[in-house]
Each structure stands twice: as structure tokens, then as C-alpha cells.
1. If we only count strands (runs of 3 or more DSSP E) wholly inside the stretch A:201-256, which ones have 3 or more residues that are within 14 Å of chain B (Cβ to nearest Cβ) and not aromatic (F, W, Y)?
2. Taking the conditions exactly as written (touching a residue at least 60 places away in the same chain (Cβ under 8 Å) and within 14 Å of chain A (Cβ to nearest Cβ)), does B:S130 satisfy them or not?
3. Mind counting the residues in the stretch A:215-236 that are touching a helix residue (DSSP H, G or I) at 6+ places or on another chain (Cβ under 6 Å) and modelled with pLDDT of 90 or more?
4. If you scan the stretch B:75-114, which residues turn out to be within 14 Å of another protein chain (Cβ to nearest Cβ), at positive phi and loosely packed, with under 15 Cβ neighbours inside 10 Å?
5. Please find, within the stretch A:193-244, the residue that is surrounded by the most Cβ atoms within 10 Å (Cβ to Cβ) out of those that are hydroxyl-bearing (S, T, Y) and in contact (Cβ under 8 Å) with a residue 12 or more places away in the chain.
6. Regarding B:S189, is this residue modelled with pLDDT under 95, within 14 Å of chain A (Cβ to nearest Cβ) and crowded, with 17+ Cβ neighbours inside 10 Å?
7. Any idea how many residues of the stretch B:157-169 are buried (at least 16 other Cβ atoms within 10 Å of the Cβ) and at pLDDT 95 or above?
Amino acid sequence: MIITNYEILPSYSRGFFHTWEVSQSLADPGPWRFQVEEAPAPDGPWTPVSGDVINMYAYQEVVERRVNKNSVLYFRIKLVTAKDTYFSATRMPYGDLDRREFLIGRDIMRKEILHMSKLAGTQGSLHLVSTFGPKCRVCRDPITDTVRDSKCKKCFGTGRDPAYHGPYQVWYTFSSAKRTTQLSPQGANTVEPAQYQVRMIGAPPVKKNDAIVDTGSGKRYYVDSVDNAAELRRVPLVQVLIVNEAPVTDALYKVL
Amino acid sequence: MSNLPHPVEVNEIMPEPSVGGVDLLPHVRKLPRVLYGIFVEVIRQYYMNFEGHPMGTPVKVWDKDPAKTEIWIDTEHRWVDDHPEFRPAIYVALSAIPYESLTGRKDGALDYDLKDSTEYFSRSGSGTVSFVHIGGTCGEAVALADSTMDYLDAFGKVIRDDFCFTSFNLTNRVPLQQMPKESKERYGSIVTCSYQLQDKWSLKQEAQLLKIVTFRALQQLSASGIV
């Protein structure tokens, strides 16, 4: 299977949130064009829901979906590369949840967003680091496959092209942090560690080394670890991230 | 024909210890402050030159303007307020420098000129200098250190001669190690060179100059005394 880990997550503010990954074995040249398709039955007929989603691995419906509660929908992802066309497995709209659980999960997210938008949160953008997709042809070592330039103008040290996909607009709540400049423990000039705890809803799912941009201040953060503070049958509803502020000389300030 | 050696006039290349207010290196004792300066300058000069890099290494050009430089090159434990955590970076670390005298005496005394009442001293020291390369990816740290190692190994003799070391040569390489975490993971690759240096100095003492005692043939000490 070329398209893997296809998930449909609840999202309060808009329609369904689709995420997927691509097998590491796929080496077709880019761009990779994805399309979310829906059908009333598992075998079709399939109609496109989204436009072309190029080199991205998530799609959020732009409006909340209003359908008859008894209607049944099926979704799949279509990938068109320069060489071939691939399809994901078919998924039901509520993913691993039934309808009631899906609605409960969505309501928990609604309350989280309400708290953030009315009181404690800030709006920012999330950029998901590429862990699959076409490899950078500029800075990778041809034999060992290691990335030789952390500020490569093509992949920005991620080894993939594009380096990040997004942005996904989300609400965050940042904790306070102690900032101090200190000598680097390894003897190389100074460091200014600033670590924050960030709370956000479960969509899109975040992983280590994803990047957060605080739209207000313009600061960039690297995600260090992720803890799911609330789950429903292993579907993440609320995520708590530990993030480190990136230094101003970091490649994140050039790519995002 | 006289058997006296023909007097050879020896002129120092740089007879003055300074030019334009800048101390010349051969006349400066190689204190750690000077050693840090030598090695930082050596590595900065290499990374300043875009064309000096071997093919295949990431081209990181050092510039004295912190806003333009692509790599930070400095001494260890350097406090930098305005550009914290600049990576990739190379920093120069010195090991301890044990000293010993050339003659085996603990005070380093080498010679004493009775005529000028001047005492000469000399010490030799040896140590290692490590060029620690810190990269944002493991491949970057290794590639930078490969480039530095090529340079230091190829030009070790030139560095030895230009900076008046007794010896300067590549001794060790740590290919890759994980460094303490910063805003994200860091990787290190270390090139180590060993060097030997020799310092010499003289001390002119405040003492009355000794008289030269000469004896002429057929003179008797008791009859004519000391001339």
C-alpha cells in the first residue's frame, strides 16, 4: 500500500480533517498531487471533495459538512504522480469512532477552541515536517544518505523536499517560560533555552520536530515532545506539546 | 692566512619586535591567549575562502560580519549575547599545556653570559588543540570536520613554520558524537592536533660587569698584578 495511515479526525471549526502518509518506498518524482474523494458506497462512484493538494499530507474541509444523519459516506485518497496513480484504503467518515463518540470528541474540541479564542490562546500556524516524500537531491550524501547541510536552501536540513507542509492555522495556549542566556554546555558560545508547554486540539496530530509559528510575535518553535492530554478510543482530542524556541539564526526563519 | 673564522653578518628578518604597533608573532610568548588567536585565525582564514573547500563539502563561508556569516568560528566558552546558538559552529578548545625545560633544570635556566651578566631561559610546552564542529545534522558535522581535517593535515608543516611551532600535526579525530541538546538535537565531530612550542627569554641582571682577566706571556701575577 503506497498511501498509509489514512485518518479522519473530528474538527470542530470546519468539516472533516483528513491526514495520510506515503510509503517510504515511493520514489516517483514530484510534484505529488493528492485528492480526497467521497462515495456513497465502498465501490463508488467516487467524486472529488478537494482540489489538488500538492505535496501536502493533510486536508481540512473548508466548511462544516451538513448531511443527513442516516447517510453513509466513504472516503479515500487519490495520488497522481508523474508515473502512476495510487489510491488509499477506503475509510468511513468518523474514522475509528462511531457517530456519537465522534460528536462528543468534536464538542470537547469546540470547548477547547472557545477557551483559547475568548481568553487564553493565541493564533498561530503549524508546519508539519516532512518525514516522507521526495528526498532532497542537493545536500544528501549519495552513499550514506545523511543530510550534510542544516541550512540547505532546498530542504532546510530535513532531507525532504518540501521540508514542511502546511501551514495549518490553529489556536494555542502557551505556558510562561523562564528565559536566560547562558554559556553553551559544550563550550560553543551562548544558548538561550526557552521551553514552553503548548496546549492545542488534537487535529492536526503533531509530532517531534514539527514547527510552530506564533503569528503575533513571529517567533518559531520546534516541537520536542507530544503528550495526548485527552483521547477518545485513541483518537487524540487535546494535545500538550513541549516546544523549544528556535534561535533567530535558525533555518526556520528562512523557510516559514 | 689567518685561521680566524670569517665574520658572518647575520641580519634578522624582522629586527624590530613590532610593526605599526602590532606585535610580531616570533617575539610573542605563546601564551594561551596567543594560541587561541593563532588557531581561530587559521581556521577562519580557511573558511573565509570559498574556493578553499574540497569538493563535496557544504560550503559554509565565514564572515567577520555576524549578519553575513554562515558559520560561527570562535574560541570555547565565548560569551555572545547578540547571536546565541549560532549553528553550525566551530570552536577552538585547548588542552592543558605541560611545560618542561630543555636542560632538565626546573627553573628553565639555559645559559649565563658572565660578560653581559645576562641569564638565558627556555621552556618547551606541548598540548593539543581541538576543533569542535557542531552541526544541526550528523552529516553536516562530519562533512565540516572532514574539510577541516584535510586542511590541517595538508598544511600542518606550513602552520608549524609560519607560527614558529616546533611541531604541529594531526593526532586524533572523533568522527561523530551527540552533543548536549539545544533548541533541537546537535551533533559534534572533533579534529584534534598536537603542537609543541618553545619559548626563550633572557634576564639582564643589575650587577657590576665582570672584568676581563688576561695574562700576557712572561708576566708574573705577583709582580704586575691584574691588568
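1. A:220-232, A:235-245
2. Yes.
3. Within the stretch A:215-236, residues that are touching a helix residue (DSSP H, G or I) at 6+ places or on another chain (Cβ under 6 Å) and modelled with pLDDT of 90 or more number 1.
4. Within the stretch B:75-114, B:H77 is the sole residue that qualifies.
5. A:Y221
6. Against the criterion (modelled with pLDDT under 95, within 14 Å of chain A (Cβ to nearest Cβ) and crowded, with 17+ Cβ neighbours inside 10 Å), B:S189 does not qualify.
7. Residues in the stretch B:157-169 being buried (at least 16 other Cβ atoms within 10 Å of the Cβ) and at pLDDT 95 or above: 1 in total.
Condition check ((1) more than 14 Å from chain B (Cβ to nearest Cβ); (2) touching a strand residue (DSSP E or B) at 6+ places or on another chain (Cβ under 8 Å)) across all residues:
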| position | (1), (2) |
| --- | --- |
| A:G121 | yes, yes |
| A:P134 | yes, yes |
| A:P142 | no, no |
| A:V191 | no, yes |
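The values are calculated or read from the model by the stated rules, or taken from the named source; none is laboratory data. Quantities reported herein were computed from a predicted structural model and do not represent experimental measurements. With ideal geometry, Cβ positions are generated from the backbone for all residues, glycine too; neighbour counts draw on all protein chains shown.
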